[in-house]
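Here's the structure, in structure tokens; my notes come after.
The values are calculated or read from the model by the stated rules, or taken from the named source; none is laboratory data. Everything numeric here is computed off the predicted structure, so don't read it as measured data. In this analysis, Cβ positions are derived from the backbone assuming ideal geometry, glycine residues included, and neighbour counts consider all displayed protein chains.
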Amino acid sequence: MVLVDLSANRRRERLAARLLDAAEQDRAARLVLPGAGREFVLCRAALRALLCSALDCDNADLTFRTETHGKPYALVGGRVAPVSFNVSHSGDHGLIAIAPHGRVGVDIETHDWAFDLPARLLSVFSARERGDFAETRDDARWRLRFYRYWTLKESLIKGVGLGFAMNTAKFDLPSALRRGEADGVFRFHHQPTANWHLATFGNRAFTAAVAIDHSGRGMPPNGTGLPSPRTRRCRFSRIPAGPRDSGPPARRRLVCHSRPTPNP
Ligand SMILES: CC(C)(COP(=O)(O)OP(=O)(O)OC[C@H]1O[C@@H](n2cnc3c(N)ncnc32)[C@H](O)[C@@H]1OP(=O)(O)O)[C@@H](O)C(=O)NCCC(=O)NCCS
């Protein structure tokens, strides 16, 4: 998993934009909400760099298509690439998960303590989960619970690929996660053989979650099978170039600094 720094930085945004293809640049230009274009450009460029590294391919050969409900998948040279990934961005924070197989979903939410969370947002939670909120009196705990439940649910529906076309109020998060543990396993009633390994993490600035269904392939026997979420932080930088080598866009890359993310 990789955390992407999406904070405003003209130089990085210019470098990142050069990694995008014409359709992506066109899409970025049409994103008018404040920060939306920057989030998309920096996150998509980071995704491109990471996928090129994982698939050992050139940036120019990498394209994306989407499933029916919008979940992107990658193609290299026009062929579907053997890799799973998912992306989320919120304010200055982006999150990318890449897995060799299975389905993966991620969500990250930047904390906004001033934002007055409308009560109607609770409709995305099940009756049991709404009960948990009713029992949480302290405002800060209530908000952290909100971000935790929200990102966990969204990581699941993004893992499945249906997004909010799914009714998230129809299922309960695993009790371990509702009790405050950092990971747990989830099964949809209609799909009991799929084991979704869920994990939550974050810090003072954000809460994030990841959901992975390996469908029983290659999972370690201990625990949930998820390593404790470790993230790397990414920023763009140029590949050191020789005097006459200005470096075409495909040869610009990310520099990732390894740093574990503490839990809140
Ligand atoms: C997927 C969804 C939950 C994302 O919500 P969000 O909180 O605004 O956005 P996030 O930052 O967490 O995630 C955005 C990323 O998720 C990915 N994504 C988009 N749709 C997705 C889906 N259905 N499943 C999984 N991932 C999806 C994309 O990579 C997107 O980033 P990008 O646009 O930069 O490539 C929401 O857009 C949704 O419910 N979409 C489904 C809509 C639908 O059913 N449409 C039907 C007709 S197309």
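Summary table below
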{"item": "Condition met for Ala114 (in the same structural domain as Phe201 (by TED's automatic domain parsing), more than 10 Å from the ligand (Cβ to nearest atom), more than 26 Å from Asp183 (Cβ to Cβ) and among the aliphatic types (A, V, I, L, M))", "result": "yes"}
{"item": "Selection count, segment 56-75, where residues are away from the ligand (no atom under 11 Å from the Cβ), in contact with a Gly (Cβ under 8 Å, 6 or more places away or on another chain) and outside any strand (DSSP E or B)", "result": "2"}
{"item": "Extreme residue, nearest to Ser215 (Cα to Cα), among residues of segment 157-175 that are free of Cβ contacts under 8 Å to residues at least 60 places away in the same chain and near the ligand (Cβ under 7 Å from one of its atoms)", "result": "Ile157"}
{"item": "Which listed residue, of Phe171, Phe206, Phe164, is over 17 Å from the mean Cα position of the chain (by Cα) and either at pLDDT 50 or above or under 23 Å from Gly94 (Cα atoms) (or both)", "result": "Phe171"}
{"item": "Cβ pairs under 7 Å, 6+ apart, first in segment 55-67 and under 21 Å from His101 (Cβ atoms) and at pLDDT 95 or above, second of a type in the set (A, V, I, L, M, F, W, C) and outside any strand (DSSP E or B)", "result": "Leu55/Ala81; Leu55/Val83; Leu62/Leu51; Leu62/Cys52"}
{"item": "Unmet criterion (only one of (1) of a type in the set (A, V, I, L, M); (2) more than 15 Å from the ligand (Cβ to nearest atom); (3) under 23 Å from Val210 (Cβ atoms); (4) touching an Asp or Glu at 6+ places or on another chain (Cβ under 9 Å)) for Ala127", "result": "(3)"}
{"item": "Count - residues of segment 76-105 that are closer than 16 Å to Leu19 by Cβ and more than 14 Å from the ligand (Cβ to nearest atom)", "result": "1"}
{"item": "Failed item in (1) away from the ligand (no atom under 16 Å from the Cβ); (2) assigned to a strand (DSSP E or B); (3) among the small types (Gly, Ala, Ser); (4) over 20 Å from Ser88 (Cβ atoms), with Gly180 passing the rest", "result": "(2)"}
